1. Take Tyr164 and decide whether it is aromatic (Phe, Trp, Tyr) and out of contact with any Leu (no Cβ under 8 Å at 6 or more places or on another chain).
2. So which residues in region 45-94 are among the polar types (S, T, N, Q) and either at pLDDT 95 or above or in a helix (DSSP H, G or I) (or both), if there are any at all?
3. For Ala112, indicate whether it is more than 24 Å from Ala3 (Cα to Cα), crowded, with 21+ Cβ neighbours inside 10 Å and in contact with a strand residue (DSSP E or B) (Cβ under 8 Å, 6 or more places away or on another chain).
4. Would you point out the residue of region 126-148, among those that are outside any loop (DSSP other than H, G, I, E, B) and in contact with a Gly (Cβ under 8 Å, 6 or more places away or on another chain), that is surrounded by the most Cβ atoms within 10 Å (Cβ to Cβ)?
5. Might you let me know whether region 165-177 holds any residue that is of a type in the set (A, V, I, L, M) and under 27 Å from Glu86 (Cβ atoms)?
6. For region 172-190, give me each residue that is of a type in the set (D, E, K, R) and at pLDDT below 95.
7. Within region 153-197, restricting attention to residues that are among the aliphatic types (A, V, I, L, M), without any contact (Cβ under 8 Å) to a residue 60 or more places away in the chain and assigned to a strand (DSSP E or B), which residue is surrounded by the most Cβ atoms within 10 Å (Cβ to Cβ)?
8. Evaluate region 156-168: report whether one residue or more is closer than 22 Å to Arg51 by Cα, touching a Phe, Trp or Tyr at 6+ places or on another chain (Cβ under 8 Å) and of a type in the set (D, E, K, R).
Amino acid sequence: MGARKYDGRLGIRTVGLRERDGHSHYNRYEATPYEALDRLFQVYRFNNAERVVDFGCGRGRVAFYIHYHFCVPVVGIEEHDKTYEEALNNKASYRHRTRHIKAPIRLKYGLAEHYEVKPIDNCFYFFNPFSSKVFKKVVHNILQSIERDSRSADMILYYPTKEYKRVLKYKTPFRLLNKVRLKGASDPHEKFLIYRLSK
């Protein structure tokens, strides 16, 4: 199913790119492909997810997809004002269609490194939304929260960069749990890495 058709099913608009200037620690907006999400969730299940956090959620594609298919609480963090407005419009349309899903879905405006990680947050999603410098700060916040309120946690990286992988391998107790490659992908980076920190 094409991206526009999938968007139509969810009542949202997430297709397209939004470039950023070269001086920002935040990268351009680009949504995770639906076919990649379909592949990921053939393998991965939110068995113990209390709440999923999508850092750099953009227009909300991943947040709405997870909420729709798994009915788990989701929060999306977005710092670009226009993109955030588009995500809010998507949420209004999406929730009009999915009032039967009881799990909450929240969108928050602000910098990822300023988000206060809550005790219920235990699955974290990243599609290279920002520089490794910001990623380190976000991971530090996650680890501090886990230290305060002990729990298992998963981290999912799509199209992972070397810098992100180094941070997790050498600076954290997160351990690689699984690699999910996209069928027919010619680009070796086109995959998901799933990390887990066990309680």
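The values are calculated or read from the model by the stated rules, or taken from the named source; none is laboratory data. All of these numbers come straight from a predicted model, not from anything done at the bench. Glycine also receives a Cβ, built like all others from the backbone with ideal geometry; neighbour counts cover every protein chain displayed.
1. No; evaluated as a whole, the condition is false for this residue.
2. In the first step, residues of region 45-94 are kept if they are among the polar types (S, T, N, Q); the result is 47-48, 83, 89-90, 93.
Listed by number, the residues that qualify are Thr83, Asn89, Asn90, Ser93.
3. Working: more than 24 Å from Ala3 (Cα to Cα): yes; crowded, with 21+ Cβ neighbours inside 10 Å: yes; in contact with a strand residue (DSSP E or B) (Cβ under 8 Å, 6 or more places away or on another chain): yes.
Taking the combined requirement at face value, the residue satisfies it.
4. Filtering region 126-148 for residues that are outside any loop (DSSP other than H, G, I, E, B) and in contact with a Gly (Cβ under 8 Å, 6 or more places away or on another chain), the one surrounded by the most Cβ atoms within 10 Å (Cβ to Cβ) comes out as Phe126.
5. To start, the set of residues in region 165-177 that are of a type in the set (A, V, I, L, M) comprises 167-168, 176-177.
Okay, now just the ones that are also under 27 Å from Glu86 (Cβ atoms), so none.
No, because not a single residue in region 165-177 is of a type in the set (A, V, I, L, M) and under 27 Å from Glu86 (Cβ atoms).
6. We begin by selecting, within region 172-190, every residue of a type in the set (D, E, K, R); these are 175, 179, 181, 183, 187, 190.
Those that are of a type in the set (D, E, K, R) and at pLDDT below 95: Arg181, Lys183, Asp187, Glu190.
7. Met155
8. No; the residues of region 156-168 include none that is closer than 22 Å to Arg51 by Cα, touching a Phe, Trp or Tyr at 6+ places or on another chain (Cβ under 8 Å) and of a type in the set (D, E, K, R).
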